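Have a look at the structure below before the remarks.
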Amino acid sequence: MKNLFTALLLLGALSSFGQEKYTLSGYVKDASNGETLIGATVLVREISSGNITNVYGFYSLTLPSGDYTVKYSYVGYETIEKTVSLTSNQRIDVEMQDASEQLEAVVVSARAADANVSQVEMSTNEMDMKTIEKIPAFLGEVDVIKSLQLLPGVATVGEGASGFNVRGGSVGQNLVLLDEAPVYNSSHMFGFFSVFNPDAVKDVKLYKGGVPAQYGGRLASILDVRMKEGNNKNYEVNGGIGTIFSRFAVEGPIKKEKASFIIAGRRSYIDVLARPFLKANDLDGVGLYFYDFTAKANYNINEKNRIYISGYFGRDVFAFDERQGFGWGNETATLRWNHLFSDRLFSNTTMVVSNYDYGFHFGQNADDEFIWDSDVYAYNFKQQFSWFVNTNNEVSFGGEALLYRFLPAEVEGSSAGERQDFSLDTRKGLETSLYLGNEQRVTSQLTLQYGLRFSNFSYLGAGTVYHFNDTTAGSRRTVVSETQADKLENIKSYNNLEPRFGFNYQLNQSTSVKGSYQRMVQYVHLISNTAATLPTDVWVPSTNNLKPQKGHQVALGVFKNFLDNKIEASIETYYKFNHNQVEYIDGAEVLINPTLEADLISGVGRAYGLEFFVKKPKGKITGWMSYTLARTELKVDGVNDHTWYPTRFDQTHNLKITGNYDLSRKWSFSTNFTYITGTPTTLPVQKQTWGEISIPVVVNRHNSRIPDYHRLDVSATLQTGATRRNGKDRWGGLMKDSYWVFTVYNLYGRENPFAIYFSPEDVRVTEGALAGTSARQTSILGTWVPAVSYNFKF
């Protein structure tokens, strides 16, 4: 690490020799609302090179003194060219005009037109909200997570499953960030909707591989969601009224072009719609809804300093009556400070608090009830630096400290008035890291991205520390001794180096070859032995008995654009090998188990596949097709005779087709088609008979597959605009835009299977005979689902 840092310092020193150089820097913004633009291209024509803006819209270029033509471009905006006489350091902030009215159609990406070929990033997808809004969604509601599932390498085990799976990883192996705050459950209503309000989201970026050194903590993916800053020029009101919930957002300047805010909220109303059909006595305490609230504000102190504060609060409520039900929710708060030490050194300081709580409550009264709650708290401090050494080198470095507090179970139960406490010890962990990376343009054809991350995790007291015996593989271990740890005592520490490397070799202007390698380490674990991840699954830290998960991934791809970037295509292959993958003994007890690690076993995992992606980003007809051929397997001592077997989320074939057609300025149509190979399931292969009772016998896990999944969705959008047919303005000229969205989800009513189970046949049998058994299929949605929503903007 020290030698790498020294080499980068030397690189910077060498760059200062020779001809006198100056720095051109600034921010690129949207002219209509002052929002900074992430990933805008800043190209210097004379050297055929340049830079892109970072996640805060900042760019920096160091060039020899002279006259230059600088081109600012961003898909969906009018290109700006400026002639710059660089005889001293210059700060040039640029505001770009939205060119959507002149474009033939909304684009699929918010990057430069040839970014997929020219940039070093691979295994990465970025989507703008204009594209996401075009995609048909369940009940017509725009959804970030559902949109990501249309990309190659991204999947879910079915409707009713929370989260998403990336390249064979589990849901708990995804790091989901909302304005840099970790979100531990990204779903509302068991996965039918995501927690991200589309009115407040600015940018969505998913790293499936080639992860830069500044990110860590998860094995499968990083989902980085950035919120809008708020319009700093004019007040705006956005919203929508849908079949199942409504949205409302307000944004505007606190001080014009100096400070701004955005506030957005949503609430579903299934419970409200059901009231006319239920008796008054049936409504007491009944709740079936979710809500969330998102807010953000920022203040430009001066040209060198800007601060942001943002927060999220959301909750799902499933109450059967006043005393029974379950629920879960996320809370986050983020404070950030951007500072320019110089024209070439940019820093971001972040402080985050995040909480996820979940639980249930059953019982008729205080004398007979059961209450279970669980929480995950995270307190994060992060310091990041970007050093724009020259036009060929951008160095990033920094560090992070993340304190976890896990409350696995706060449990109280009472029976006949006798109350007992079954709560488990609070667990703590401290994760720290340092990182250093560089993106280096070696030649006009070759660009490298390399870095190193050092991470440490300490499992901390206070609490009981358990020590287990070694036993037969696949069997429950027993406690051989217990010790008590003092408050914040270091019980167990882990140290890991996480190297990262990537390259882009550009064969010509339209073709490049890319490759990457990464090592990732995950110190927290989502414990779930159900078919699909549930909101009530338990998060736990690495301990003296539970080792951190470690993973290696290599990827290689060819990227090609056709017809002057009108068609984009790529093919990527990847191979992942993971250590310390969590599995479970037969009959594992996950909830309220003080010796949970005794029921956990670990093994190795591998995932490999081939991803095809073809996209048409411009024209009246736009869209993309993705196809993934993949396998995901585990090998665990004590399971399936220590042979490789597929994971629950293994999907051999995954085909997604998305298309949009702009018929006119008023009407546009969209469609999705999804086909996925059925996921593995465990079925009994024989049965044992005890008297008149038949008991199914399972020999191997995941020994069969449920039927394949396929679904077709369609939608139509009607733009009603800001004026009526008679030419009069709507709402006295206050309305800027309005449109209707008509959606049919699962158009041909496919009863897609979620699970297969066996039960006795529902037939009469003669005395002394045994009833047969039948396989039965569970489907979450077994019919087509129409919806309509109205959206507006003032």
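Helix 2-15 and the long axis of the chain differ in direction by around 20°, with both axes built from C-alpha atoms.
Taken per residue, the accessible surface of the range 403-559 reaches 44 Å², heavy atoms only and a 1.4 Å probe. Counting only protein heavy atoms and a probe of 1.4 Å, the accessible surface of the range 107-211 is 55% carbon and sulfur. The mean accessible area for residues of the range 127-246, using a 1.4 Å probe and ignoring ligands and nucleic acids, is 17 Å² per residue. Summary value for the range 302-403: 22 percent relative contact order, contacts being C-alpha pairs under 8 angstrom separated by 6+ residues.
Over all directions, what mean area does the Cα convex hull of the range 352-412 project, stated in square nanometres?
Working: hull surface 23.6 nm².
Answer in nm², one decimal: 5.9.
Applying a threshold of 21 Å to the alpha-carbon distances of Lys492/Lys635; Lys130/Lys620; Lys146/Lys514; Lys205/Lys656; Lys547/Lys635 flags Lys492/Lys635; Lys146/Lys514 as lying beyond it. The tail of the calculated P(r) for the range 123-219, taken as Cα-Cα distances beyond 22 Å, holds 23 percent of the pairs.
I'd like to compare 535-541, 87-93, 375-381: which one has the highest average count of other Cβ atoms within 10 Å, and what's the full order after that? The partial results should precede the final answer.
Details: 535-541: 21.3, 87-93: 12.9, 375-381: 18.3.
Peptide ranking by packing, descending: 535-541, 375-381, 87-93.
You can think of it this way: the chain between Asp737 and Leu345 has 137.0 nm of extra reach, that is 0.36 nm per residue less the Cα-Cα gap. Over all alpha-carbon pairs in the range 333-492, figure out the percentage whose distance exceeds 22 Å. In whole percent, the long-distance tail amounts to 66. Checking the cross-link pairs Lys71/Lys560; Lys304/Lys428; Lys202/Lys615 against a 26 Å limit on the alpha carbon distance flags Lys304/Lys428 as lying beyond it. Computed over every Cα-Cα pair of the range 543-662 and binned at 5 Å starting from 0, the pair-distance distribution P(r) comes out as 2, 10, 14, 15, 13, 11, 9, 8, 7, 5, 4, 1, 0 percent.
At 1.4 Å probe radius, can you tell me the per residue accessible area of the range 621-677 in Å²? Before the final figure, lay out each step's value.
Working: 2480 Å² over 57 residues.
Per-residue accessible area for the range 621-677 comes out at 43 Å².
Taking only protein heavy atoms and a 1.4 Å probe, the accessible area of the range 413-572 is 52% carbon and sulfur. Placing a label point 7 Å from the Cα of Asn456 along the Cα-to-Cβ line, the residues of the range 385-417 whose backbone N sits under 17 Å from it are 398-404.
When each of the peptides 520-527, 37-44 is scored by how many other beta carbons lie within 10 Å of its residues on average, the order from highest to lowest is 520-527, 37-44.
How big is the C-alpha Rg of the chain next to the rule-of-thumb value 2.2 N^0.38 Å, as a ratio? Kindly include the intermediate steps, with their values, before the conclusion.
Working: Rg = 27.5 Å, N = 794, 2.2 N^0.38 = 27.8 Å.
In units of the globular-protein estimate, the chain measures up at 0.99.
Note: relative contact order over the chain, using C-alpha pairs below 8 Å and six or more positions apart, is 10 percent. Estimated purely from DSSP H runs of n ≥ 4, each contributing -39500 (n - 2.57), the mean residue ellipticity at 222 nm for the chain is -1000 deg cm²/dmol once divided by its residues.
Restricting to the chain, what percent of DSSP beta bridges are antiparallel, rounded to 5? Mind showing how you got there, number by number?
Numbers: 332 of 342 bridges.
The answer is about 95 percent antiparallel.
The values are calculated or read from the model by the stated rules, or taken from the named source; none is laboratory data. Just so we're clear, the structure is a prediction, and the values are computed from it rather than from any experiment. Note that each Cβ is placed from the backbone with ideal geometry, even for glycine, and that neighbours are counted across all protein chains shown. For the accessible areas, the whole protein counts, side chains as well, though only heavy atoms, and no ligand, DNA or RNA atoms are used. Shrake-Rupley method; radii C 1.70, N 1.55, O 1.52, S 1.80 Å.
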